[in-house]
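**Q** Let me begin by handing over the structure; questions about it come next.
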Ligand SMILES: C[S@@+](CC[C@H](N)C(=O)[O-])C[C@H]1O[C@@H](n2cnc3c(N)ncnc32)[C@H](O)[C@@H]1O
């Protein structure tokens, strides 16, 4: 496991420098819509450069984790834009240092395209979320369209090499494989981006 994890981490350390300039997949409105569901003690997995931090509603208390020190350095610059308390920690989503049932809400946006072993990371999301808590996932996925899906498979090595992100992950299937119960799925940008509201 360590081999792939180190490779993807290094790619994000490299990408951190220009990430905010190229990150146009998720609009601020969509981030706001997703985070309007967050409440209480919140874990943001794969916080990246902190693009979500300014959108957390009052009352949240956010812990953001990422395994890339480069991405976290950028996120630290955005903490002052948040309206709520934020703590940032370097941590691997596949092996979190939190007790079971710690968080009221667990959030991840465009993360499970990159986590090297996504089902393991999603099992950790489920473990650290309280039984009556909420899981909010905003993720791009492989297209159901046969032609577009194949094109995504073909182009995936380029995205994986350049950025560290897979464009052809079957994340809905991975969420289900981790035992997370999906309550609502909203299609965005055709059906390539999904907003999922789920329970552990
Ligand atoms: C595509 S970026 C998305 C960043 C941010 N969530 C956003 O919406 O802009 C994916 C992030 O997930 C992080 N990541 C990937 N695998 C991870 C893991 N196993 N543990 C922690 N962070 C991880 C990467 O370092 C990167 O910051």
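The values are calculated or read from the model by the stated rules, or taken from the named source; none is laboratory data. What you see is a predicted model; the values in this text were computed from it and never measured. Note: ideal-geometry Cβ built from the backbone for every residue, glycine included; neighbour counts use all protein chains shown.
**Q** Residue 12 is checked against (1) in contact (Cβ under 8 Å) with a residue 60 or more places away in the chain; (2) under 20 Å from residue 112 (Cβ atoms); (3) in contact with a strand residue (DSSP E or B) (Cβ under 7 Å, 6 or more places away or on another chain) and fails just one. What number does that condition carry?
**A** Here residue 12 clears every test but (3).
**Q** State the number of residues belonging to the stretch 68-93 that are buried (at least 19 other Cβ atoms within 10 Å of the Cβ), more than 11 Å from the ligand (Cβ to nearest atom) and either free of Cβ contacts under 8 Å to residues at least 24 places away in the same chain or over 19 Å from residue 34 (Cβ atoms) (or both).
**A** Total meeting the criteria: 1.
Yes or no, residue by residue, for (1) over 18 Å from the mean Cα position of the chain (by Cα); (2) away from the ligand (no atom under 16 Å from the Cβ); (3) in contact (Cβ under 8 Å) with a residue 40 or more places away in the chain; (4) on the phi < 0 side of the Ramachandran plot:
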{"site": "131", "(1), (2), (3), (4)": "yes, yes, yes, yes"}
{"site": "137", "(1), (2), (3), (4)": "no, no, yes, yes"}
{"site": "141", "(1), (2), (3), (4)": "no, no, yes, yes"}
{"site": "146", "(1), (2), (3), (4)": "yes, yes, no, yes"}
{"site": "150", "(1), (2), (3), (4)": "yes, yes, no, yes"}
{"site": "153", "(1), (2), (3), (4)": "yes, yes, no, yes"}
{"site": "158", "(1), (2), (3), (4)": "yes, no, no, yes"}
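**Q** Restricting the search to the stretch 94-110, which residues are within 18 Å of residue 199 (Cα to Cα) and near the ligand (Cβ under 9 Å from one of its atoms)?
**A** Once the filter is applied, which keeps residues that are within 18 Å of residue 199 (Cα to Cα) and near the ligand (Cβ under 9 Å from one of its atoms), the stretch 94-110 yields 107, 108, 109.
**Q** Quick one: in the stretch 163-196, which of the residues that are in a strand (DSSP E or B) and farther than 15 Å from residue 112 by Cα is modelled with the lowest pLDDT?
**A** Initial filter on the stretch 163-196 (in a strand (DSSP E or B)): 181-188, 193-196.
Applying the additional criterion that residues be farther than 15 Å from residue 112 by Cα yields 181-188.
On the way: 181: 98, 182: 98, 183: 98, 184: 96, 185: 96, 186: 95, 187: 94, 188: 88.
This residue is 188.
**Q** OK, next. Taking the conditions exactly as written (within 8 Å of the ligand (Cβ to nearest atom) and either outside any helix (DSSP H, G or I) or farther than 27 Å from residue 183 by Cβ (or both)), does residue 65 satisfy them or not?
**A** Values: within 8 Å of the ligand (Cβ to nearest atom): yes; either outside any helix (DSSP H, G or I) or farther than 27 Å from residue 183 by Cβ (or both): yes.
Against the criterion (within 8 Å of the ligand (Cβ to nearest atom) and either outside any helix (DSSP H, G or I) or farther than 27 Å from residue 183 by Cβ (or both)), residue 65 qualifies.
**Q** Take the residues of the stretch 22-62 that are in a strand (DSSP E or B) and without any contact (Cβ under 8 Å) to a residue 60 or more places away in the chain: which is surrounded by the most Cβ atoms within 10 Å (Cβ to Cβ)?
**A** Taking the stretch 22-62 and keeping what is in a strand (DSSP E or B), we get 41-45, 61-62.
Checking which are without any contact (Cβ under 8 Å) to a residue 60 or more places away in the chain leaves us with 61-62.
Working: 61: 15, 62: 24.
Checking each candidate, the answer is 62.
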